[in-house]
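Here is the structure we will look at.
The values are calculated or read from the model by the stated rules, or taken from the named source; none is laboratory data. Because the structure is a prediction, the values reported are computed rather than measured. All Cβ positions, even for glycine, are placed from backbone atoms using ideal geometry, and neighbour counts span all protein chains on display.
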Amino acid sequence: MPIVQFAPFSSLIQPSFWHELTSLKVDVLRLSDEALPISGSYSVGRSVTDRESGKEIALGCNLSVGSESFDKGYKVTAGSVPASGTFKNYNTIEEFKAADKTALFNQEAVKIWDHILATRDTALLNHFLLITYADLKKYKYYYWFAFPAFVSKPAWEIAEEGWKDAIDEFSAEDLSSIQEQIRSHPSPLPFFLVRNDAKISPVEDYSTFFESTPPSSRTIAFIDPSANPTNPGWPLRNLLAYLRALYPETTSTVRVLCWRDTETHSSSWRSRFGVLEMGGVPSDEKVRPSAVGWEKNPQGKLGPRVADLAPMMDPTRHAIVLSVRKHRRLNYLRRLANQAVDLNLKLMRWRILPSLDLEKISTTKCLLLGAGTLGCYVARTLMGWGVRTITLADSAHVSFSNPVRQPLFEFEDCLDGGKPKAQCAAARLKKIYPGINASGHMLSIPMPGHPVPSASVAQTKAEVEKLEALIAEHDVVFLLMDSRESRWLPTVIAAAKGKIVINAALGFDTFLVMRHGPRGSSVRPNGARLGCYYCNDIVAPSDSLTDRTLDQMCTVTRPGLASIASSTAVELLASLLQHPDGLHAAAPPPNQDPSSHHQDSGGSVLGLVPHQLRGYLAQFRNLHIVGAAYDRCTGCSETVLQTYEKEGFEMMLKAFNDPKYLPTLTGLDKLYDEGEAALESVDWDEEDGDADF
Amino acid sequence: MIAVGIGPQRRTSRHLDGLSFEVGEADDLAVLSFNFLPSGFKPYFTSCKAVPTHDHTAPSHPIMLTRVQFEAACKELIATERPVEALNGWSWNEHPSLPNLGFLSRRVFHFRTTQSTSIDSMPTDGVDLEETLFEEDEAASAIAPESFVSCQYVVYSATFQVPAFYFTMHDPKGAPLALANLVRTSLFHPFVFEQTEATSFGLTRPASAFPLLSQGDHPALGTPCWYLHPCETAKCVDELMSELDLAGYAEEQRFVRWLEMWFMVLGSTVNVRS
């Protein structure tokens, strides 16, 4: 008699499965390659008619997985049955190749066998194994399914009369009854028993269900994913192995119903029936049989497959359609760009810094005052951190000397008088990464020591208001201008509003990068207040710009300095944002052991959060400095801030116009007098010169 | 030839751009049967010019559906069992978060009809992973031919105020098919693409203002799909509907009828079996 040939499972993967695996790996699994439980499903076999040839083509025994396969509470759609699976994702292609496939497979086979013997349950009979390697950068997914099935020795054979239609064995009423019972069963029933009274039951009830049924009326049945008339589906193999293991005396001949009907309105029954016999003396049923079931690839060879989703993702392979639909395509591509940028950042959290809070950084809104060398480099580095909102403000236009040192500008931006720097920089940021929320504002910042002509007062007031609004809308202000006094106004406003201020300034081969401390009235108890840019000054900021020679006017610096200072500034911010105290973070304790864990000793997960860094490029050295706040500071003392809050623009105007205003307000003028007086009071000992001669 | 209908029928004859067909009307279904011309049959939908041979009292203005009417017609259409293949297997879905933006969807299987290019039968990209360590299994039959899964949607096109057919097709590996292989599946009738020009992102006909087949995002799900340009189908349906006497129908019924006709017309480009 011919040996029964079972139709193997064919895996069918929904694209959503790969998307889910990608998110799972990036956000949850990271580097873990532990086995996970997953679920799949299959339903009755289907065939389609080829319109052209009229032939009936049987579709494969599809076991399907999708994004829901990873869900804990997996629910199948009506008409499908679930299959449990073991999933293992490897981190590198080498590990995937080197994995001991035989051991993995046997482990699953043992699991299934032990479960049968221990619980007498059919739950694992259609259990499968899936190993994968996901190349997330190239969107390629390597995978291999295995559907372990116990090999019967001797093999099962089909009786002389072969397979026939179920309608030839059962009446139409019986088949309808069976169908109805399957449909109304509370849970999906991949395997079941049928009695001569057309009643069905789960296979687990074999002994009681068939108690008074003669063997010739006992039928075992299963939801058959095969549509081939002469090949029953793969799940039957393990069902037969189960029966042979638990009921060997009554199962050397088995009547099998391959259930292939679900729709109610089909005109004919598709289910098949056959009688199977052991083709010889059965082997010892308690010994675990060997198992087979690695899925063959489409070339018919035993080997893994590759799903290449890159063509779907790669924008250059799908040219943008010139139609009204263009913007939709671009939106889709923008989403892909976002994912790619996020991926790079999230990789830091796998191994290096699992506790890094990337969201904190990417949602921080940054205002960059100055779109020159410092501004351009700061903007670029912020984008690298995934910061989504970057606003630039500058009063100038792009000039011919800018592009080589200011990486957001090109030659063409200089023509026709030059584009406005802030807007041009913002537009360039969007070209680099369309997902960025970048904007630029043409803004002149009024400065102390630069009196405002009365005709310009209204305009100056508008500029101040604009600056106040910008600072209010953002979380961090970067002071990246090219003069000392232009930093005063934003220092005051930002201190009053409690914003983080990062200050960067360049000398020829030295730089300063610092963070301003919080305002006095907001300092926490026992907190030491850190100072601002002006805290060490004993003079008010004044005009440093007029009457300078050319080399004094342009900030002449060593070209490498700007990027060093800018990067330092951004990394200082990143570390500050990771610190639990944020703006109120204390300065690092002095003489700290460099190898100590920064988080435990006052730092953040990224390390130190220094107050001031002074860089000396000639020595390639950075000095860490802590500057205490000065209660007579013209930039951040409570006197100044409260006066600003009370008088607003009026106070500002006085500061711009009258060089004596700020010293008087803060009491710095008294300091001079005190200093003079102290000098006077020193009793200089007038010694007569030794007249030796 | 597509012929569906029950009950007494009234028949009128029409010529439509090289194809002759009969439009009849049964009590509850429009009957549409195409007669094949001896010289070959290529139904295009660029210019449907109906040549009326007698007067009609039925209104002949093109029917514009609102979203609400579309939703009602869809739900009515799938509520009852129909013997027409095109109407099988559909279910109504709501937009994930917004009301009144629903659509029909279903999943069907297709297969390769002619030898496709090597894009789909990709080797393992230089990674040689072939294993020969496993025992031979005499009890396994040969693998079935590869089948493709097509997720199909009937959505409401806000731009044209008519239904549009969106779909995806992916292989068992979960990778969407490239256009070159897509057109060689059983989803499309073989003659449909004969006079089209293909790029990697769409198919156009030389005389047509719109591409026949192009890529776009699903209006509700936002996922990338292929779609047939909606006004081609709609124009034809309008022409065909103008031949029917709909005087006795309530407005909702007219829309249901219109949608049925739309599926018929769709069926001449796309293999709409479930």
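Listed by first and then second residue, the pairs with beta-carbon distance under 8 Å, at least 6 apart or on different chains, first residue in region A:173-187 and in contact (Cβ under 8 Å) with a residue 24 or more places away in the chain, second hydroxyl-bearing (Ser, Thr, Tyr) and surrounded by fewer than 16 Cβ atoms within 10 Å (Cβ to Cβ), are A:Gln179/A:Thr264. Kindly indicate whether any position in region A:210-225 is in contact with an Asp or Glu (Cβ under 8 Å, 6 or more places away or on another chain), modelled with pLDDT of 90 or more and either buried (at least 22 other Cβ atoms within 10 Å of the Cβ) or away from every other protein chain (no Cβ under 11 Å) (or both). Scanning region A:210-225, I find no residue that is in contact with an Asp or Glu (Cβ under 8 Å, 6 or more places away or on another chain), modelled with pLDDT of 90 or more and either buried (at least 22 other Cβ atoms within 10 Å of the Cβ) or away from every other protein chain (no Cβ under 11 Å) (or both), so the answer is no. Scanning region A:182-203 finds no residues that are under 27 Å from A:Ile3 (Cα atoms), of a type in the set (Gly, Ala, Ser), outside any strand (DSSP E or B) and outside the structural domain of A:Val65 (by TED's automatic domain parsing).
Annotation note: Cβ proximity below 8 Å between a residue of region B:259-273 that is farther than 14 Å from B:Pro230 by Cα and a residue that is assigned to a helix (DSSP H, G or I) and among the polar types (S, T, N, Q) (sequence gap 6+ or interchain) occurs for no pair.
Scanning region A:43-84 for residues that are crowded, with 20+ Cβ neighbours inside 10 Å and touching a helix residue (DSSP H, G or I) at 6+ places or on another chain (Cβ under 8 Å) turns up A:Val65, A:Gly66, A:Ser69. A count restricted to region B:175-194 and to residues that are closer than 24 Å to A:Gln299 by Cβ and facing chain A (nearest Cβ under 8 Å) stands at 4. If the condition is being polar (S, T, N, Q), without any contact (Cβ under 8 Å) to a residue 60 or more places away in the chain and under 15 Å from B:Val108 (Cα atoms), then region A:37-76 contributes A:Thr49, A:Ser64.
Residue count for region A:116-137 satisfying the condition of being out of contact with any Leu (no Cβ under 9 Å at 6 or more places or on another chain) and either within 14 Å of chain B (Cβ to nearest Cβ) or of a type outside the set (Gly, Ala, Ser) (or both): 7. The residue of region B:233-274 that is surrounded by the fewest Cβ atoms within 10 Å (Cβ to Cβ), among those that are away from chain A (no Cβ under 14 Å) and hydroxyl-bearing (Ser, Thr, Tyr), is B:Tyr249.
Return the pair list, or none, for Cβ contacts closer than 9 Å from residues in region A:157-170 that are touching a residue at least 24 places away in the same chain (Cβ under 8 Å) and in the same structural domain as A:Asn196 (by TED's automatic domain parsing) to residues that are among the basic types (Lys, Arg) and not in a strand (DSSP E or B), at least 6 apart or on different chains. Pairs found: A:Asp165/A:Arg270; A:Ala166/A:Arg260; A:Ala166/A:Arg270. Out of A:Val321, A:Val306, A:Val387, A:Val378, which single residue is at pLDDT 90 or above, within 14 Å of chain B (Cβ to nearest Cβ) and either surrounded by 14 or more Cβ atoms within 10 Å (Cβ to Cβ) or in contact with a Gly (Cβ under 6 Å, 6 or more places away or on another chain) (or both)? None of the others qualify; the one that does is A:Val306.
Taking region A:1-99 and the strands (runs of 3 or more DSSP E) fully enclosed by it, the elements with 2 or more residues that are closer than 26 Å to A:Ile182 by Cα and within 14 Å of chain B (Cβ to nearest Cβ) are at A:9-13, A:36-43, A:47-49, A:61-65. When A:Glu277 is tested against the conditions (1) in contact (Cβ under 8 Å) with a residue 60 or more places away in the chain; (2) in a loop (DSSP other than H, G, I, E, B); (3) surrounded by fewer than 17 Cβ atoms within 10 Å (Cβ to Cβ), the lone failure is (2).
Of the residues making up region A:376-417, those that are assigned to a loop (DSSP other than H, G, I, E, B) and over 22 Å from A:Glu473 (Cα atoms) number 17.
On the basis of being modelled with pLDDT of 85 or more and either within 9 Å of chain B (Cβ to nearest Cβ) or more than 30 Å from A:Arg335 (Cβ to Cβ) (or both), does A:Gly274 make the cut? So A:Gly274 passes the test. Screening A:Gln107 with (1) within 18 Å of A:Ala83 (Cβ to Cβ); (2) surrounded by 17 or more Cβ atoms within 10 Å (Cβ to Cβ); (3) more than 26 Å from the chain's Cα centre (by Cα); (4) more than 10 Å from every other protein chain (Cβ to nearest Cβ) gives one miss only, at (2). When region A:31-42 is filtered for residues that are surrounded by 20 or more Cβ atoms within 10 Å (Cβ to Cβ) and in contact with an Asp or Glu (Cβ under 8 Å, 6 or more places away or on another chain), only A:Ser39 remains. Residues in region A:493-519 that are part of a helix (DSSP H, G or I) and surrounded by 24 or more Cβ atoms within 10 Å (Cβ to Cβ): 2 in all. Evaluation of B:Pro172 against the conditions (1) modelled with pLDDT of 75 or more; (2) at the interface with chain A (Cβ under 8 Å from one of its Cβ atoms); (3) over 25 Å from A:Ala7 (Cβ atoms); (4) part of a loop (DSSP other than H, G, I, E, B) shows that the sole unmet condition is (3). Number of residues in region A:596-615 that are farther than 19 Å from A:Gly517 by Cα and either among the basic types (Lys, Arg) or modelled with pLDDT of 85 or more (or both) equals 3. Looking at B:Val149, B:Val162, just one residue is under 19 Å from the mean Cα position of the chain (by Cα) and either crowded, with 22+ Cβ neighbours inside 10 Å or farther than 28 Å from A:Trp294 by Cβ (or both), and that residue is B:Val162. If you check A:Ser226 against the conditions, is it within 21 Å of A:Ala78 (Cα to Cα), in contact with a Cys (Cβ under 8 Å, 6 or more places away or on another chain) and hydroxyl-bearing (Ser, Thr, Tyr)? Yes, satisfied.
Filtered by the rule that a residue be among the hydrophobic types (A, V, I, L, M, F, W, C) and at pLDDT 95 or above, region A:463-487 gives A:Val464, A:Leu467, A:Ala469, A:Leu470, A:Ile471, A:Ala472, A:Val476, A:Val477, A:Phe478, A:Leu479, A:Leu480.
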